[in-house]
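The values are calculated or read from the model by the stated rules, or taken from the named source; none is laboratory data. Small disclaimer: the values here were computed from a predicted structure and weren't measured. Note that each Cβ is placed from the backbone with ideal geometry, even for glycine, and that neighbours are counted across all protein chains shown. Just the protein is used for accessible areas: all its heavy atoms, side chains included, with ligands, DNA and RNA removed. Shrake-Rupley method; radii C 1.70, N 1.55, O 1.52, S 1.80 Å.
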Amino acid sequence: MNLTLHVWRQKGPRERGRFVTYRATDVSADMSFLEMLDVVNEGLLLKGEEPIAFDHDCREGICGACGMVINGRPHGPKARTTTCQLHLRSFRDGQELWLEPWRSRAFPVVKDLIVDRGAFDRVIQAGGYISAAIGSAPDANAVPIRKENADLAMDAAACIGCGACVAACPNGSAMLFTAAKISHLGLLAQGQPERYERAAAMVETMDAEGFGSCTNHNECEAACPKGISVAFIARLNADFVRARLTEGRRLEQVGEGGV
Amino acid sequence: MTTATAPAALRLKVPYVASTIGRKVVMAVTGLVLFGFVLVHMIGNLTLYAGPEAMDGYSRFLHTFLHGGGLWIARVVLLTCAVLHVWSAASLTLDSWAARPVGYRLWKAKDSTYASRTMRWGGVILFLFIIFHILNLTLGHFDPGYVPGDVYANVVHAFRQWPVSVFYIVAMFALGLHLDHGVWSLFHTLGFSHPRYKRWLREAARGFAILLVVGNCSFPIAVLAGWVR
Ligand code: HEM
Ligand code: FES
């Protein structure tokens, strides 16, 4: 099959970008989207042109490295699918496709379709961890956890941090990502000691990174390749409000300076 | 024993209300108060159908409740809520616009709704309408025959002027859309959401929105049709 690609080309973070049109000719419908781009890039290299830069690593939908907006949808038209797991059979022969990077102030374009998602790492650094004594692995069932909570924590932990939620959100908000990260820890016994500090610190960092403000459009859930539910956003809201309400008590216990 | 790792900051560097979620909570709480108000307001206005004595009597009740203090308490609370609601909406909107300096060439909506995408401009219509509405029916502007306290007659005068009725009806559709999204969204913002009752919540929000649009639009329509004179 043949496709016409309008690709966002941008040499570097401070350069001006523009769309350049390429043709993918005689590609197989069974190719993945990234394989198709590989073929286009080989053609560009043969002509001595700069190949299209795009992010990828595992190519099996688990690492979260890949991602671009394809015809107005992050990761393309197929639900619960990363760009690397998308196949050309999801498109029509002769279709025109617009390929754009995630658009967010917090995700500056590095080159072409690659953005810097370091902002996510900094949100994680602010509280996406637990403090526990290290040692040998604890006995599997030593800490009882409700089955529902274990399942929900797993659902939240399915987040691969690809950034499609931010890309899809009309507000450029990172609430779904942050909510997934606080939920998968906050639902487990091991995550309780820092539960409210975690919500407060991660939201504060999320705001400081320049993400927008959620208005419950639900576009993030629709775009998430892992189908993470916006119900986790309500959970984050609740934890954040409770962090405010319990702040005095915690300060009293630990002292103004913290530990 | 020493603690190996310091827990995340106990105190935020910015106050909670200044955070995005803090301002959203302000928007949700004030939105809930305003929603309660428009519901009671609509129910009270149904006295229009019971005739001039009923409506003017209802108005007298409001004006004399708690020796006249009740109305002022309500006005102060509502004005405070309106100011905080518009402040949080405006500041969060600017933050969200700033979060995407370069837009998409192509963007397709999937799970967002027309209502959710028009909250901001719908809010602006509501804002203009509220100013007009107070000037018109509370302060008596745009109506040469306005008599304070003669509420029934004032309402009938006002709605006999078709541009007033049209603006009123347009604003009520804006209100309906605003509440179709707002009334379920506010619960989500306050942390109450569960897949099991989310659908129910969305349908309840839609039900209230339709109830308000139908109830409120019935007043100008009844006047224009001559059912209420
Ligand atoms: C005066 C002008 C108004 C403006 C500019 C305005 C603007 C907004 C905006 C931008 C939102 C956030 C949208 C979102 O979260 O998706 C919102 C939410 C809301 N508004 Fe308004 N609004 C106005 C008046 C009103 C009125 C009169 C009512 C009540 C009858 C109301 C009730 C609500 C409710 C219940 C919410 C939901 C809060 C939430 O999502 O957490 N608003 N408004
Ligand atoms: S390349 Fe790893 S998820 Fe797509």
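When the distances between all Cα atoms of segment A:101-170 are binned every 10 Å from zero, what whole-number percent does each bin get?
Bin by bin from 0 Å, the calculated values are 15, 34, 28, 16, 7.
First obtain the Kirkwood hydrodynamic radius of chain A from its Cα pairs, then insert it into the Stokes-Einstein equation at 37 °C and 0.692 mPa s, and state the resulting D in µm² per second as a whole number.
165 µm²/s
If amide H atoms are built 1.01 Å from N in the plane of the peptide, which residues on other chains or at least 5 residues away come under 5 Å of the amide H of A:TRP98?
Excluding prolines and chain starts, which carry no amide H, the hits are A:HIS6, A:ASN71.
For segment B:31-150, compute Rg over Rh where Rg is the Cα radius of gyration and Rh is the Kirkwood radius from the inverse mean 1/r over Cα pairs. Write out the running numbers ahead of the final one.
Working: Rg = 19.3 Å, Rh = 17.6 Å.
Checking Rg against Rh, the ratio lands at 1.10.
Show A:LEU44, B:LEU32 ordered by accessible area, largest first, where the area counts protein heavy atoms only and the probe is 1.4 Å.
Sorted by accessible area, descending: B:LEU32, A:LEU44.
For peptide B:88-94, how many partner chain Cβ atoms fall within 10 Å of a residue's Cβ, on average?
2
With a 10 Å radius around each residue's Cβ, average the other Cβ atoms per peptide and rank B:203-213, A:75-85, B:77-87, highest first.
Packing proxy ranking, top to bottom: A:75-85, B:203-213, B:77-87.
How much accessible surface area, in Å² rounded to 10, belongs to the heavy atoms of B:ILE43 with a 1.4 Å probe?
100 Å²
Could you grab the relative contact order for chain B? Cα pairs under 8 Å, six or more apart, rounded to a whole percent.
Dividing the mean separation by the residue count of chain B yields 26 percent.
What are the residues whose amide H is under 5 Å from the amide H of A:VAL110, where those residues sit 5 or more places off or on another chain and H is modelled from the backbone?
Amide H neighbours of A:VAL110: A:VAL115, A:ASP116.
Semi-axes of segment A:3-110's equivalent ellipsoid from the Cα gyration tensor, sqrt of 5 times each eigenvalue, largest first, rounded to whole Å?
The equivalent ellipsoid of segment A:3-110 has semi-axes of 20, 18, 13 Å.
Relative contact order of segment A:117-255: what whole-number percent is it, with Cα pairs under 8 angstrom and at least 6 residues apart?
Working: 161 pairs, mean separation 44.3, N = 139.
Answer for segment A:117-255 is 32 percent.
Which positions within segment B:108-143 get 20 Å² or more of their accessible surface covered by the other protein chains, compared to the chain by itself, with a 1.4 angstrom probe?
B:LYS108, B:LYS110, B:ASP111, B:SER112, B:SER116, B:ARG120
Would you tell me the accessible area of A:MET206, worked out with a 1.4 angstrom probe on the heavy atoms of the protein chains, in Å² to the nearest 10?
0 Å²
What value in Å³ per residue do you get for the convex hull of the alpha-carbon atoms in chain B?
Each residue corresponds to 208 Å³ of Cα convex hull volume.
Suppose accessible area is computed on protein heavy atoms with a 1.4 Å probe; arrange B:CYS217, A:CYS58 from highest to lowest.
Descending order: A:CYS58, B:CYS217.
Can you give the mean number of other chain Cβ atoms that lie within 10 Å of the Cβ atoms in peptide A:128-134?
2
Distance from the Cα centre of segment A:124-145 to that of segment B:161-229, in angstrom?
Answer, in whole Å: 49.
For segment A:1-45, run through the trypsin sites (Lys or Arg not before Pro) and keep only the ones in DSSP coil with at most 15 other Cβ atoms within 10 Å of their Cβ.
Numbers: sites: A:ARG9, A:LYS11, A:ARG14, A:ARG16, A:ARG18, A:ARG23; in loops: A:LYS11, A:ARG14, A:ARG16.
Answer in residue order: A:LYS11, A:ARG14, A:ARG16.
Taking the full set of protein chains and a 1.4 angstrom probe, give the accessible area of A:SER28 in square angstrom, rounded to the nearest 10.
Around 50 Å² of this residue is reachable by solvent.
Under 28 Å between alpha carbons, and skipping anything fewer than 8 positions from B:LYS108 in its own chain: which lysines qualify?
Filter leaves A:LYS11, A:LYS78, A:LYS111, A:LYS181, A:LYS226, B:LYS24, B:LYS198.
Select from B:VAL164, B:TRP227, B:LEU211 the residue farthest towards the positive end of the dipole of chain B; place +1 on Cβ of Lys and Arg, -1 on Cβ of Asp and Glu, and compute about the Cα centre.
Farthest towards the positive end: B:LEU211.
Long-range amide H contacts for A:PHE19: which residues qualify at under 5 Å (H placed 1.01 Å from N, peptide plane, sequence gap of 5 or more or a different chain)?
Amide H neighbours of A:PHE19: A:ARG9.
Please compute the per residue accessible area over the protein assembly as shown with all protein chains in place, 1.4 Å probe, rounded to a whole number of Å². Don't jump to the answer; show the numbers that get you there.
Numbers: 24440 Å² over 488 residues.
Heavy-atom accessible area per residue stands at 50 Å².
Under a 1.4 angstrom probe, counting protein chains only, how are B:SER193, A:SER136 ranked by accessible area, largest first?
A:SER136, B:SER193
In whole percent, and with a 1.4 Å probe on the protein chains, what portion of the accessible area of the protein assembly as shown is carbon and sulfur?
62 percent
Summarise the partner chain shielding of A:69-78 as one whole number: the mean count of Cβ atoms from other chains within 10 Å of each residue's Cβ.
So the per-residue partner count for this stretch is 3.
Tell me: how much accessible area in total is hidden between B and A, 1.4 Å probe, Å², nearest 100? If you can, show how the numbers build up before the last one.
Details: alone 15310 and 13840 Å², together 24440 Å².
Its buried surface, counting both partners, is about 4700 Å².
Please report Rg (one decimal) and Dmax (integer) in Å for the Cα set of the protein assembly as shown.
Reported Rg and Dmax, both Å: 27.2, 88.
Just need the Rg to Rh number for segment A:117-255, please, alpha carbons only, Kirkwood Rh.
0.98
Would you mind counting up the charge near B:HIS63? Only other residues with Cβ under 15 Å from its Cβ, with Lys and Arg at +1 and Asp and Glu at -1.
Charge balance near B:HIS63 sits at 0.
Would you mind pulling out the separation of the Cα centroids of segment B:75-152 and segment B:36-62, in Å?
Segment B:75-152 and segment B:36-62 have Cα centres separated by 24 Å.
Give me the distance between the Cα centres of segment A:168-204 and segment A:70-91, rounded to whole Å.
Here the two parts' Cα centres lie 27 Å apart.
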